[in-house]
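A short write-up of the structure that comes next.
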Amino acid sequence: MTTTGSASNPGTTFQEIQASGEFRELRKRLRGFVFPMSAAFLIWYLLYVLLAAYAPEFMSIKLLGNINVGLVIGLLQFVSTFLITTVYVRYANKHLDPGAERLRRQLEGGEEDE
């Protein structure tokens, strides 16, 4: 088994890229964004569920007509989902995609950085 990548052994090329510092940095950036954002969203969602279960009188406070606190917080769950998606796309476009593209070119064509 050879340790250098070639067209006849693409698995080795993938292993070399996976072991590279650029790949590790890319994975670190992804995890640095995804884990905290996921934790924040799960806490936000859990807060909504706990309020609905244990503070129904708070959730039923009317704000405007038949619109109450529970409805507003529930709708904010959707807003926060779209906001997180938008923020992630911008983050990925700026911090993840360029490095991933370079690694993809290396993996597919054996090219080095341009």
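The values are calculated or read from the model by the stated rules, or taken from the named source; none is laboratory data. The structure presented is a predicted model; accordingly, all values stated were derived computationally and were not measured. Every residue, glycine as well, gets a Cβ built from its backbone with ideal geometry; the counts of neighbours run over all protein chains shown.
List of remarks:
- Subset of segment 37-80 [in contact with a Phe, Trp or Tyr (Cβ under 8 Å, 6 or more places away or on another chain) and aliphatic (A, V, I, L, M)]: MET37, LEU51, VAL69, ILE73
- PHE41 being surrounded by 10 or more Cβ atoms within 10 Å (Cβ to Cβ), part of a helix (DSSP H, G or I), modelled with pLDDT of 95 or more and within 21 Å of the chain's Cα centre (by Cα): yes
- Residue within segment 49-56 that is at pLDDT 95 or above, outside any helix (DSSP H, G or I), more than 22 Å from the chain's Cα centre (by Cα) and not polar (S, T, N, Q) present: yes
- Flag for PHE33 being within 30 Å of LEU103 (Cβ to Cβ), surrounded by 10 or more Cβ atoms within 10 Å (Cβ to Cβ) and aromatic (Phe, Trp, Tyr): yes
Yes or no, residue by residue, for (1) surrounded by 14 or more Cβ atoms within 10 Å (Cβ to Cβ); (2) at negative phi; (3) in contact (Cβ under 8 Å) with a residue 60 or more places away in the chain; (4) not polar (S, T, N, Q):
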position: LEU71; (1), (2), (3), (4): yes, yes, no, yes
position: PHE82; (1), (2), (3), (4): no, yes, no, yes
position: TYR91; (1), (2), (3), (4): yes, yes, no, yes
position: LEU103; (1), (2), (3), (4): yes, yes, yes, yes
position: GLN106; (1), (2), (3), (4): yes, yes, yes, no
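- Count - residues of segment 53-107 that are within 25 Å of MET37 (Cα to Cα) and among the charged types (D, E, K, R): 4
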